[in-house]
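Taking it in order: structure first as structure tokens, then the write-up.
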Amino acid sequence: MKAKTTKNYSPNFDIKKRKKKNIKYLVFHYTGMKSEKKAIERLTSKIQPEVSCHFFIRKNGQIIIMLPELYVAWHAGVSSWKNKKFLNKNSIGIEISNPGHIYGYKNFSKNQIKSIIELSKYLIKKYKINKNHLLGHSDISPDRKLDPGEKFPWKYLFKNKIGIWHNIPNKTLMLLRGKKTSNFENNFFINNLKKIGYASKGHLINQKFKYKKLLIKAFQRRFRPELISGKIDKECLLISKKLVNIR
């Protein structure tokens, strides 16, 4: 990689190394803390809760290597995608400095986005990661997490040959936005989400009855960030149809 990197190793990881072939996913996070310094301290501290990641992208775009890639970091927690659960063992975690929704969610900086692209391309090539396996924390834990959030540049990454997106003209999308769907279409949409990879059931007991709405919001945050309503409409339905066919 050409990006400037430093090392600041975290003590929080599984001691047993994994095989290179077991790395299947990249999972993006935002730090969700008031300051970058506090976020780095938390990710490199043994004090509870013990968390970590492989890479940390600072506001200025500098990349901190926090764990060698063959060690399992503690970043995904209780999570699911397709037939995989607890994705720590199969993923590389990338934390991006951003205060998040609680502390004044901000646009990711140009330098951060540049580093995200460079780092992603490096890891995709090194581990032969499928384009469908670039995920946000909210994709794999819709009932627990909001990150990296609706300001994360998924569409721009796709234009740089990273991840997936749809090719539906904006004019078509706008005509369908807010248009009601039938019960049959709603069920069809939820089934599409399962095919894409989203979990059909949540992980938290206290969120069980809210899970469907949280699931829809997670999808919207990723693929329709202009309106995160938690309601299915014909725009979301069409986007889901397109995404199901991407391999």
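The values are calculated or read from the model by the stated rules, or taken from the named source; none is laboratory data. Everything numeric here is computed off the predicted structure, so don't read it as measured data. Positions of Cβ are generated from backbone atoms using ideal geometry, with glycine treated the same way; all protein chains shown enter the neighbour counts.
Per-structure values
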| quantity | calculated |
| --- | --- |
| Within region 1-17, tally of residues that are in contact with a helix residue (DSSP H, G or I) (Cβ under 7 Å, 6 or more places away or on another chain) and either within 14 Å of His54 (Cα to Cα) or of a type in the set (A, V, I, L, M) (or both) | 4 |
| Any hit, region 6-18, residues being in a strand (DSSP E or B) and among the basic types (Lys, Arg) | yes |
| Residue among Ile94, Ile102 that alone is among the hydrophobic types (A, V, I, L, M, F, W, C) and either in contact with a His (Cβ under 6 Å, 6 or more places away or on another chain) or farther than 21 Å from Ile164 by Cβ (or both) | Ile102 |
| Cβ pairs under 6 Å, 6+ apart, first in region 26-42 and in contact (Cβ under 8 Å) with a residue 24 or more places away in the chain, second among the acidic types (Asp, Glu) | His29/Glu95; His29/Asp147; Tyr30/Asp147; Thr31/Glu95 |
| Yes/no for Phe189 being buried (at least 21 other Cβ atoms within 10 Å of the Cβ) and over 22 Å from Gly77 (Cα atoms) | yes |
| Subset tally (residues that are part of a helix (DSSP H, G or I) and either aromatic (Phe, Trp, Tyr) or in contact with a helix residue (DSSP H, G or I) (Cβ under 7 Å, 6 or more places away or on another chain) (or both)) for region 121-143 | 5 |
| Residue list for region 144-200, restricted to those being in a helix (DSSP H, G or I), in contact (Cβ under 8 Å) with a residue 60 or more places away in the chain and within 27 Å of Pro99 (Cβ to Cβ) | Trp154 |
| Selected residue [over 22 Å from Thr5 (Cα atoms), surrounded by fewer than 22 Cβ atoms within 10 Å (Cβ to Cβ) and not assigned by TED's automatic domain parsing to the domain that holds Gln220] from Lys125, Lys151, Lys59 | Lys151 |
| Residue match in region 33-50 (condition: on the phi < 0 side of the Ramachandran plot and part of a strand (DSSP E or B)) | no |
